[in-house]
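For reference, the structure discussed in these notes is given below.
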């Protein structure tokens, strides 16, 4: 597995470009079963709005879904701690602290990173649970069962079947779109982070922990997807109730028709504009190019 403190060539190129641009950097962090390329359309939108987008890999991530499927062992050993260390390397390489945006396990990771190093703004989209988040809806258990059903998966990278992906990710889109999303984006995922987040309340030493009183955390938006099976909206709302105890601004937005694939499916632009509007409100940034309207 790649050293967590080493940026890939692609990552270093994006960091160098962000530093040279003088623009506010935005760091995108993917979740389980996706790669950095899943943020491509978001990056284009944020660049048009005047930001410098950077999409983080997890240590050992292959460059493409095809390569990831062919060699899942390359990133099977990742844990929440190794990924967080990699993200800290990103922050250290940038001239300015980045805005943080993460989905699913990435949504947990950006909350942890913001609490540790501070951020101008952070958006956690359907974030994986951390210690203290108590709801455990049946759909979340069913979505996680392909991994959590076998303790040996904590040392493996596990790929979902198309039907498992359809239930956990793509339950709000058509069968045709679910098939396309699976082919274009789905990759095996390391099992250990899912065990860490899923069992966080049973393990006092878990890495899946977000300090509640971090003074430099900065503004936080949690986006709940009301039809999400993997991270049900009740889990996002529970995270919000904990995070709102922080002295910094904390907001919650619920997207009524969204599932877990909301960052890559046909509704991605609604989630992206919700994210962008929060960031602009918190940072006072004026977008460079007006965005076209999206139906609510």
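Take residue 208 and decide whether it is farther than 18 Å from residue 130 by Cβ and assigned to a loop (DSSP other than H, G, I, E, B). No: the conditions fail for residue 208. Residues in the stretch 36-59 that are in a loop (DSSP other than H, G, I, E, B), in contact with a strand residue (DSSP E or B) (Cβ under 9 Å, 6 or more places away or on another chain) and under 16 Å from residue 10 (Cα atoms): 58 only. When the stretch 161-183 is limited to residues that are part of a loop (DSSP other than H, G, I, E, B) and touching a residue at least 12 places away in the same chain (Cβ under 8 Å), the one that is nearest to residue 256 (Cα to Cα) turns out to be 172.
For the stretch 14-33, what are the residues that are in a loop (DSSP other than H, G, I, E, B) and closer than 19 Å to residue 85 by Cα?
In the first step, residues of the stretch 14-33 are kept if they are in a loop (DSSP other than H, G, I, E, B); the result is 22-24, 30-33.
Passing the criteria: 30, 31, 32.
Here's the yes/no breakdown for (1) buried (at least 17 other Cβ atoms within 10 Å of the Cβ); (2) modelled with pLDDT of 95 or more:
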position	(1), (2)
155	no, no
179	no, yes
187	yes, yes
211	no, no
228	yes, yes
236	yes, yes
241	no, yes
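Let's see how each residue does on (1) at pLDDT below 95; (2) crowded, with 16+ Cβ neighbours inside 10 Å; (3) more than 14 Å from residue 194 (Cβ to Cβ); (4) touching a helix residue (DSSP H, G or I) at 6+ places or on another chain (Cβ under 9 Å):
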position	(1), (2), (3), (4)
71	yes, no, yes, no
80	no, yes, no, yes
84	no, yes, yes, yes
95	no, no, yes, yes
98	no, yes, yes, yes
109	no, yes, no, yes
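Can you pull out the residues in the stretch 243-266 that are farther than 21 Å from residue 164 by Cβ and surrounded by 17 or more Cβ atoms within 10 Å (Cβ to Cβ)? Hits for the stretch 243-266 are 243, 246, 248, 250, 252, 253, 255. For the stretch 241-277, a residue qualifies if it is assigned to a helix (DSSP H, G or I) and closer than 20 Å to residue 30 by Cα, and the qualifying residues are 268, 269, 270, 271, 272, 273, 274, 275, 276. Kindly check whether there is at least one residue in the stretch 281-288 that is without any contact (Cβ under 8 Å) to a residue 24 or more places away in the chain and in a loop (DSSP other than H, G, I, E, B). Within the stretch 281-288, one or more residues are without any contact (Cβ under 8 Å) to a residue 24 or more places away in the chain and in a loop (DSSP other than H, G, I, E, B).
The values are calculated or read from the model by the stated rules, or taken from the named source; none is laboratory data. These figures come from a predicted structure and were not determined experimentally. Quick reminder, even Gly has a Cβ in these numbers, built from the backbone with ideal geometry, and neighbours come from all protein chains shown.
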